[in-house]
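The values are calculated or read from the model by the stated rules, or taken from the named source; none is laboratory data. Since the model is a prediction, treat every value here as computed from it, not as a measurement. Cβ sites come from the backbone with ideal geometry, for glycine too, and all protein chains shown count toward neighbours. Accessible surface is based on the protein model in full, side chains and every heavy atom, while ligands, DNA and RNA are left aside. Shrake-Rupley method; radii C 1.70, N 1.55, O 1.52, S 1.80 Å.
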Amino acid sequence: MGVITNSYAVWNNKGGVGKSTITFNVASRYAELNPEKNVLVIDMCPQANVSMMLLGGGVKGETEVHKLCTSAVAPTIVGYLTQALGGGPMAASPNASTYVTKVSNINASLPKNLNLICGDPNLELISAYISNLGSAQQVLPVIKPWVWVHEVVKRLIASVDQEMGGEWIVFIDTNPSFSSYTELAICAVERLLLPVNADDSSRTAIGAMHSLLYGQNPPHPIYGAWTFAHNAQAYGVSVPKIHQVIGNRLTQNLGAAAAFAALSRASAGSLYGLYLGNPARFTPRAQAPISENDFVAKYSVSLRDFNTAGVVAAHEGVPVSSLVGGKHFVHGRKVDIDNNRVVDCRIALDSVVKAI
(Lines give C-alpha, C1' and ligand atoms only; values in the text may rest on other atoms or scores of the structure.)
Protein backbone atom coordinates (compact mmCIF):
# COMPACT_ATOMS: atom_id res chain seq x y z
CA MET A 1 0.00 0.00 0.00
CA GLY A 2 1.35 3.42 -0.96
CA VAL A 3 0.93 7.00 0.16
CA ILE A 4 -0.64 9.92 -1.70
CA THR A 5 1.52 12.94 -0.80
CA ASN A 6 -0.69 15.56 -2.43
CA SER A 7 -3.14 15.87 -5.30
CA TYR A 8 -3.61 18.91 -7.52
CA ALA A 9 -6.00 20.01 -10.24
CA VAL A 10 -4.69 22.57 -12.72
CA TRP A 11 -7.86 24.51 -13.47
CA ASN A 12 -9.26 27.87 -14.35
CA ASN A 13 -12.63 28.32 -16.04
CA LYS A 14 -10.92 30.64 -18.54
CA GLY A 15 -9.46 29.10 -21.68
CA GLY A 16 -6.05 29.92 -23.11
CA VAL A 17 -4.15 30.19 -19.82
CA GLY A 18 -1.88 27.24 -20.64
CA LYS A 19 -3.28 24.56 -18.32
CA SER A 20 -2.05 21.57 -20.34
CA THR A 21 1.40 23.05 -21.02
CA ILE A 22 1.79 23.91 -17.35
CA THR A 23 0.65 20.42 -16.30
CA PHE A 24 3.14 18.79 -18.66
CA ASN A 25 6.09 20.91 -17.58
CA VAL A 26 5.33 20.93 -13.84
CA ALA A 27 4.67 17.17 -13.67
CA SER A 28 7.75 16.23 -15.72
CA ARG A 29 10.02 18.59 -13.80
CA TYR A 30 8.64 17.43 -10.46
CA ALA A 31 9.33 13.83 -11.50
CA GLU A 32 12.93 14.77 -12.42
CA LEU A 33 13.58 16.49 -9.11
CA ASN A 34 11.86 13.82 -7.00
CA PRO A 35 12.90 10.43 -8.44
CA GLU A 36 11.88 8.65 -5.23
CA LYS A 37 8.23 9.57 -5.80
CA ASN A 38 5.72 8.33 -8.36
CA VAL A 39 4.06 11.09 -10.35
CA LEU A 40 0.63 10.47 -11.86
CA VAL A 41 -1.00 12.75 -14.43
CA ILE A 42 -4.71 12.21 -15.01
CA ASP A 43 -5.95 13.83 -18.21
CA MET A 44 -9.52 15.01 -17.64
CA CYS A 45 -9.72 17.15 -20.77
CA PRO A 46 -11.36 15.64 -23.89
CA GLN A 47 -8.75 17.33 -26.08
CA ALA A 48 -6.14 15.07 -24.40
CA ASN A 49 -3.43 17.65 -25.02
CA VAL A 50 -1.31 16.82 -21.99
CA SER A 51 -1.45 13.13 -22.93
CA MET A 52 -0.16 13.95 -26.41
CA MET A 53 2.67 15.99 -24.92
CA LEU A 54 3.66 13.28 -22.44
CA LEU A 55 3.57 10.53 -25.05
CA GLY A 56 5.99 12.22 -27.41
CA GLY A 57 4.46 15.51 -28.49
CA GLY A 58 3.27 16.55 -31.93
CA VAL A 59 2.12 13.90 -34.37
CA LYS A 60 3.82 11.11 -32.41
CA GLY A 61 1.91 11.98 -29.25
CA GLU A 62 -1.35 12.24 -31.13
CA THR A 63 -0.76 8.82 -32.69
CA GLU A 64 0.01 7.22 -29.32
CA VAL A 65 -3.13 8.67 -27.75
CA HIS A 66 -5.18 7.34 -30.64
CA LYS A 67 -3.70 3.86 -30.12
CA LEU A 68 -4.65 3.85 -26.44
CA CYS A 69 -8.15 5.18 -27.07
CA THR A 70 -8.91 2.59 -29.74
CA SER A 71 -7.32 -0.44 -28.10
CA ALA A 72 -9.50 -3.26 -26.81
CA VAL A 73 -8.82 -2.48 -23.15
CA ALA A 74 -8.87 1.34 -23.64
CA PRO A 75 -6.52 2.27 -20.78
CA THR A 76 -7.85 5.83 -20.72
CA ILE A 77 -9.92 7.92 -18.35
CA VAL A 78 -13.04 7.07 -20.34
CA GLY A 79 -12.19 3.38 -20.20
CA TYR A 80 -11.97 3.61 -16.43
CA LEU A 81 -15.14 5.68 -15.99
CA THR A 82 -17.08 3.31 -18.24
CA GLN A 83 -16.14 0.34 -16.09
CA ALA A 84 -16.33 2.10 -12.72
CA LEU A 85 -19.74 3.67 -13.30
CA GLY A 86 -21.30 1.18 -15.70
CA GLY A 87 -21.82 -1.60 -13.16
CA GLY A 88 -23.56 0.56 -10.57
CA PRO A 89 -22.54 1.39 -7.00
CA MET A 90 -22.63 -2.21 -5.76
CA ALA A 91 -20.27 -3.57 -8.43
CA ALA A 92 -16.58 -4.13 -7.71
CA SER A 93 -14.27 -1.33 -8.81
CA PRO A 94 -12.00 -2.07 -11.78
CA ASN A 95 -8.27 -2.53 -11.23
CA ALA A 96 -6.84 0.96 -11.42
CA SER A 97 -3.38 -0.22 -12.48
CA THR A 98 -4.89 -1.45 -15.76
CA TYR A 99 -5.44 2.17 -16.77
CA VAL A 100 -2.02 3.56 -15.79
CA THR A 101 0.52 4.02 -18.58
CA LYS A 102 4.22 4.28 -17.69
CA VAL A 103 5.19 7.27 -19.81
CA SER A 104 8.83 6.33 -20.37
CA ASN A 105 7.76 3.07 -22.06
CA ILE A 106 6.48 5.24 -24.91
CA ASN A 107 8.51 8.43 -24.53
CA ALA A 108 12.02 7.67 -23.24
CA SER A 109 12.79 11.38 -22.94
CA LEU A 110 10.73 11.64 -19.75
CA PRO A 111 11.50 10.28 -16.25
CA LYS A 112 10.74 6.67 -15.39
CA ASN A 113 8.63 7.67 -12.38
CA LEU A 114 6.13 9.59 -14.51
CA ASN A 115 2.77 7.90 -15.15
CA LEU A 116 -0.37 8.79 -17.06
CA ILE A 117 -4.04 7.97 -17.17
CA CYS A 118 -4.59 8.99 -20.76
CA GLY A 119 -7.13 11.52 -21.91
CA ASP A 120 -9.87 10.50 -24.32
CA PRO A 121 -11.99 12.57 -26.73
CA ASN A 122 -14.96 10.40 -25.78
CA LEU A 123 -14.99 12.15 -22.40
CA GLU A 124 -17.21 14.80 -23.97
CA LEU A 125 -19.60 12.14 -25.23
CA ILE A 126 -20.17 10.64 -21.78
CA SER A 127 -20.67 14.01 -20.07
CA ALA A 128 -24.47 13.74 -20.14
CA TYR A 129 -24.26 10.13 -18.92
CA ILE A 130 -22.23 11.27 -15.91
CA SER A 131 -24.74 14.04 -15.17
CA ASN A 132 -27.69 11.66 -15.40
CA LEU A 133 -26.08 9.15 -13.04
CA GLY A 134 -25.31 11.86 -10.51
CA SER A 135 -28.86 13.24 -10.53
CA ALA A 136 -30.55 9.83 -10.22
CA GLN A 137 -32.99 9.26 -7.38
CA GLN A 138 -31.48 7.70 -4.26
CA VAL A 139 -32.64 4.09 -3.90
CA LEU A 140 -30.14 2.52 -1.52
CA PRO A 141 -29.98 4.14 1.94
CA VAL A 142 -26.18 4.08 2.09
CA ILE A 143 -25.47 5.17 -1.49
CA LYS A 144 -26.00 8.79 -2.50
CA PRO A 145 -25.79 8.88 -6.33
CA TRP A 146 -24.36 12.40 -6.49
CA VAL A 147 -21.56 11.53 -4.07
CA TRP A 148 -20.87 8.12 -5.62
CA VAL A 149 -20.48 9.64 -9.09
CA HIS A 150 -18.53 12.73 -8.07
CA GLU A 151 -15.98 10.78 -6.04
CA VAL A 152 -15.25 8.19 -8.74
CA VAL A 153 -11.88 9.73 -9.71
CA LYS A 154 -11.01 10.13 -6.04
CA ARG A 155 -11.57 6.38 -5.68
CA LEU A 156 -9.38 5.82 -8.74
CA ILE A 157 -6.50 7.69 -7.09
CA ALA A 158 -6.96 5.70 -3.88
CA SER A 159 -6.91 2.46 -5.88
CA VAL A 160 -3.68 3.39 -7.66
CA ASP A 161 -2.19 4.06 -4.24
CA GLN A 162 -3.34 0.70 -2.86
CA GLU A 163 -2.48 -1.44 -5.88
CA MET A 164 0.83 0.02 -6.99
CA GLY A 165 2.47 1.07 -3.71
CA GLY A 166 5.12 3.72 -3.17
CA GLU A 167 4.73 7.45 -2.63
CA TRP A 168 2.55 9.31 -5.14
CA ILE A 169 1.75 12.85 -6.16
CA VAL A 170 -1.14 13.48 -8.57
CA PHE A 171 -1.74 16.23 -11.13
CA ILE A 172 -5.04 16.46 -13.01
CA ASP A 173 -5.30 18.46 -16.22
CA THR A 174 -8.75 19.89 -16.81
CA ASN A 175 -11.05 21.49 -19.32
CA PRO A 176 -11.99 25.15 -18.74
CA SER A 177 -15.71 24.38 -18.92
CA PHE A 178 -17.26 23.38 -15.61
CA SER A 179 -18.80 20.27 -17.13
CA SER A 180 -19.71 17.08 -15.28
CA TYR A 181 -16.27 15.54 -15.85
CA THR A 182 -14.56 18.71 -14.59
CA GLU A 183 -16.60 18.36 -11.41
CA LEU A 184 -15.19 14.83 -11.01
CA ALA A 185 -11.66 16.22 -11.30
CA ILE A 186 -12.35 18.93 -8.73
CA CYS A 187 -13.79 16.42 -6.24
CA ALA A 188 -10.75 14.15 -6.62
CA VAL A 189 -8.04 16.49 -5.36
CA GLU A 190 -6.97 18.38 -2.27
CA ARG A 191 -5.39 21.42 -3.88
CA LEU A 192 -5.91 23.74 -6.83
CA LEU A 193 -3.23 25.27 -9.04
CA LEU A 194 -4.75 28.31 -10.71
CA PRO A 195 -3.12 29.53 -13.95
CA VAL A 196 -3.85 33.15 -14.88
CA ASN A 197 -2.87 35.60 -17.57
CA ALA A 198 -2.16 39.30 -17.10
CA ASP A 199 -5.48 40.53 -18.46
CA ASP A 200 -8.90 41.69 -17.33
CA SER A 201 -10.61 38.44 -18.32
CA SER A 202 -8.39 36.49 -15.90
CA ARG A 203 -9.47 38.80 -13.09
CA THR A 204 -13.13 38.26 -14.00
CA ALA A 205 -12.63 34.49 -14.26
CA ILE A 206 -11.27 34.33 -10.72
CA GLY A 207 -14.56 35.56 -9.28
CA ALA A 208 -16.51 33.12 -11.45
CA MET A 209 -14.22 30.26 -10.44
CA HIS A 210 -14.72 31.03 -6.76
CA SER A 211 -18.51 31.07 -7.17
CA LEU A 212 -18.53 27.78 -9.05
CA LEU A 213 -16.47 25.99 -6.40
CA TYR A 214 -17.68 27.59 -3.20
CA GLY A 215 -21.01 29.19 -4.10
CA GLN A 216 -22.41 32.70 -3.99
CA ASN A 217 -23.42 34.56 -0.85
CA PRO A 218 -26.34 34.95 -0.88
CA PRO A 219 -27.17 32.03 -3.20
CA HIS A 220 -29.10 32.65 -6.39
CA PRO A 221 -32.81 32.61 -5.42
CA ILE A 222 -33.77 30.21 -8.23
CA TYR A 223 -30.70 28.26 -9.30
CA GLY A 224 -28.73 28.21 -6.04
CA ALA A 225 -30.00 24.80 -4.95
CA TRP A 226 -28.94 23.21 -8.26
CA THR A 227 -25.30 24.20 -8.23
CA PHE A 228 -22.21 22.10 -7.69
CA ALA A 229 -21.25 24.23 -4.69
CA HIS A 230 -24.64 23.65 -3.03
CA ASN A 231 -24.53 19.89 -3.57
CA ALA A 232 -20.93 19.56 -2.41
CA GLN A 233 -21.79 21.36 0.81
CA ALA A 234 -25.08 19.49 1.31
CA TYR A 235 -23.44 16.07 0.85
CA GLY A 236 -20.22 16.88 2.69
CA VAL A 237 -18.00 16.41 -0.38
CA SER A 238 -14.68 18.20 0.03
CA VAL A 239 -13.68 20.94 -2.42
CA PRO A 240 -9.97 21.66 -3.01
CA LYS A 241 -8.22 24.63 -1.48
CA ILE A 242 -6.49 27.19 -3.68
CA HIS A 243 -2.79 26.46 -3.30
CA GLN A 244 -0.95 28.55 -5.86
CA VAL A 245 -1.64 31.11 -8.56
CA ILE A 246 0.60 30.59 -11.58
CA GLY A 247 1.11 33.64 -13.74
CA ASN A 248 1.61 32.41 -17.29
CA ARG A 249 2.41 34.20 -20.55
CA LEU A 250 3.01 37.38 -18.63
CA THR A 251 5.93 38.48 -20.80
CA GLN A 252 4.31 37.82 -24.17
CA ASN A 253 3.46 41.51 -24.46
CA LEU A 254 5.30 42.82 -21.41
CA GLY A 255 8.90 43.08 -20.35
CA ALA A 256 10.16 40.55 -17.84
CA ALA A 257 10.52 43.22 -15.15
CA ALA A 258 6.82 44.08 -15.46
CA ALA A 259 5.56 40.50 -15.20
CA PHE A 260 5.26 40.34 -11.43
CA ALA A 261 3.48 43.71 -11.27
CA ALA A 262 1.16 42.65 -14.09
CA LEU A 263 0.11 39.55 -12.19
CA SER A 264 -0.68 41.71 -9.18
CA ARG A 265 -2.73 44.19 -11.21
CA ALA A 266 -4.62 41.51 -13.10
CA SER A 267 -5.53 39.05 -10.40
CA ALA A 268 -4.09 39.55 -6.93
CA GLY A 269 -6.58 42.17 -5.84
CA SER A 270 -9.51 39.88 -6.56
CA LEU A 271 -7.88 36.88 -4.93
CA TYR A 272 -6.71 38.78 -1.89
CA GLY A 273 -10.25 40.00 -1.31
CA LEU A 274 -11.50 36.43 -1.50
CA TYR A 275 -8.75 35.35 0.87
CA LEU A 276 -9.69 37.98 3.44
CA GLY A 277 -13.29 36.80 3.37
CA ASN A 278 -12.54 33.06 3.35
CA PRO A 279 -8.94 32.22 4.33
CA ALA A 280 -9.91 28.56 4.94
CA ARG A 281 -10.41 28.17 1.18
CA PHE A 282 -6.67 28.62 0.67
CA THR A 283 -3.90 26.30 1.83
CA PRO A 284 -2.23 27.79 4.90
CA ARG A 285 1.24 29.32 4.96
CA ALA A 286 3.65 29.37 7.88
CA GLN A 287 2.68 33.01 8.39
CA ALA A 288 -0.56 34.46 7.08
CA PRO A 289 -0.18 37.31 4.58
CA ILE A 290 -0.57 40.76 6.09
CA SER A 291 -1.06 42.77 2.90
CA GLU A 292 -1.89 42.36 -0.76
CA ASN A 293 1.80 42.44 -1.71
CA ASP A 294 2.54 39.83 0.93
CA PHE A 295 -0.31 37.71 -0.43
CA VAL A 296 1.16 37.91 -3.94
CA ALA A 297 4.56 36.87 -2.63
CA LYS A 298 3.18 33.87 -0.72
CA TYR A 299 0.45 32.62 -3.05
CA SER A 300 1.69 33.33 -6.57
CA VAL A 301 4.59 32.40 -8.82
CA SER A 302 5.37 33.79 -12.23
CA LEU A 303 6.44 31.62 -15.14
CA ARG A 304 8.64 34.35 -16.53
CA ASP A 305 9.97 33.65 -20.03
CA PHE A 306 8.00 30.42 -20.07
CA ASN A 307 5.91 31.08 -23.15
CA THR A 308 8.20 29.94 -26.00
CA ALA A 309 10.54 27.45 -24.30
CA GLY A 310 7.75 25.78 -22.32
CA VAL A 311 5.53 25.39 -25.37
CA VAL A 312 8.34 24.00 -27.53
CA ALA A 313 9.32 21.50 -24.81
CA ALA A 314 5.72 20.32 -24.58
CA HIS A 315 5.38 20.06 -28.36
CA GLU A 316 8.53 17.92 -28.55
CA GLY A 317 7.62 15.85 -25.50
CA VAL A 318 10.87 16.64 -23.69
CA PRO A 319 11.48 18.22 -20.28
CA VAL A 320 12.67 21.80 -20.20
CA SER A 321 15.90 20.57 -18.62
CA SER A 322 16.69 18.71 -21.87
CA LEU A 323 15.63 21.46 -24.25
CA VAL A 324 18.46 22.80 -26.39
CA GLY A 325 18.51 26.33 -27.70
CA GLY A 326 18.54 27.05 -31.42
CA LYS A 327 16.10 26.27 -34.22
CA HIS A 328 12.99 24.19 -33.51
CA PHE A 329 9.93 23.50 -35.61
CA VAL A 330 6.42 23.62 -34.19
CA HIS A 331 3.80 22.44 -36.68
CA GLY A 332 6.12 23.36 -39.54
CA ARG A 333 6.92 26.82 -38.21
CA LYS A 334 10.52 27.65 -37.29
CA VAL A 335 11.03 28.85 -33.74
CA ASP A 336 14.37 30.19 -32.50
CA ILE A 337 15.13 29.70 -28.80
CA ASP A 338 17.98 31.41 -26.99
CA ASN A 339 19.84 29.19 -24.52
CA ASN A 340 19.57 31.95 -21.91
CA ARG A 341 15.78 31.85 -22.25
CA VAL A 342 15.84 28.09 -21.67
CA VAL A 343 17.77 28.62 -18.45
CA ASP A 344 15.35 31.36 -17.37
CA CYS A 345 12.42 29.08 -18.15
CA ARG A 346 13.93 26.27 -16.09
CA ILE A 347 14.48 28.59 -13.13
CA ALA A 348 10.88 29.83 -13.35
CA LEU A 349 9.57 26.29 -13.58
CA ASP A 350 11.63 25.20 -10.58
CA SER A 351 10.08 28.02 -8.56
CA VAL A 352 6.63 26.55 -9.29
CA VAL A 353 7.74 23.02 -8.40
CA LYS A 354 9.33 24.26 -5.17
CA ALA A 355 5.99 25.76 -4.13
CA ILE A 356 4.17 22.42 -4.57
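Just a few scattered comments:
- Applying the set (1) under 18 Å from residue 100 (Cα atoms); (2) surrounded by 16 or more Cβ atoms within 10 Å (Cβ to Cβ) to residue 21 leaves exactly one unmet item: (1).
- Test: residue in the range 19-31 that is among the charged types (D, E, K, R), out of contact with any helix residue (DSSP H, G or I) (no Cβ under 6 Å at 6 or more places or on another chain) and under 24 Å from residue 344 (Cβ atoms): yes
Conditions tested, residue by residue: (1) more than 28 Å from residue 177 (Cα to Cα); (2) among the aliphatic types (A, V, I, L, M); (3) touching a Phe, Trp or Tyr at 6+ places or on another chain (Cβ under 7 Å); (4) loosely packed, with under 15 Cβ neighbours inside 10 Å.
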site	(1), (2), (3), (4)
83	no, no, no, no
91	yes, yes, no, yes
100	no, yes, no, no
111	yes, no, no, no
114	no, yes, no, no
117	no, yes, yes, no
121	no, no, no, no
124	no, no, no, no
128	no, yes, no, yes
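Here's the yes/no breakdown for (1) polar (S, T, N, Q); (2) at positive phi; (3) touching a residue at least 12 places away in the same chain (Cβ under 8 Å):
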site	(1), (2), (3)
56	no, yes, yes
61	no, no, yes
71	yes, no, no
74	no, yes, yes
98	yes, no, yes
114	no, no, yes
134	no, no, yes
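- Pair list, Cβ < 6 Å and 6+ apart or interchain, from the range 38-49 residues that are buried (at least 24 other Cβ atoms within 10 Å of the Cβ) to residues that are charged (D, E, K, R) and part of a strand (DSSP E or B): 43/173; 45/173
- Of all residues in the range 212-251 being touching a Pro at 6+ places or on another chain (Cβ under 9 Å) and closer than 19 Å to residue 135 by Cβ, the one that is surrounded by the fewest Cβ atoms within 10 Å (Cβ to Cβ): 225
- Residue check: residue 308 meets all listed conditions (1) open to solvent by 60 Å² or more (accessible area, probe 1.4 Å); (2) over 27 Å from residue 56 (Cα atoms) but one, namely (2).
- Helices (runs of 4 or more DSSP H) lying entirely in the range 1-82 (those with 2 or more residues that are closer than 25 Å to residue 162 by Cβ, hydrophobic (A, V, I, L, M, F, W, C) and touching a strand residue (DSSP E or B) at 6+ places or on another chain (Cβ under 8 Å)): 19-33, 49-54
- Helices (runs of 4 or more DSSP H) (entirely within the range 103-209) containing at least 1 residues that are touching a Cys at 6+ places or on another chain (Cβ under 7 Å) and modelled with pLDDT of 95 or more: 145-150, 152-164
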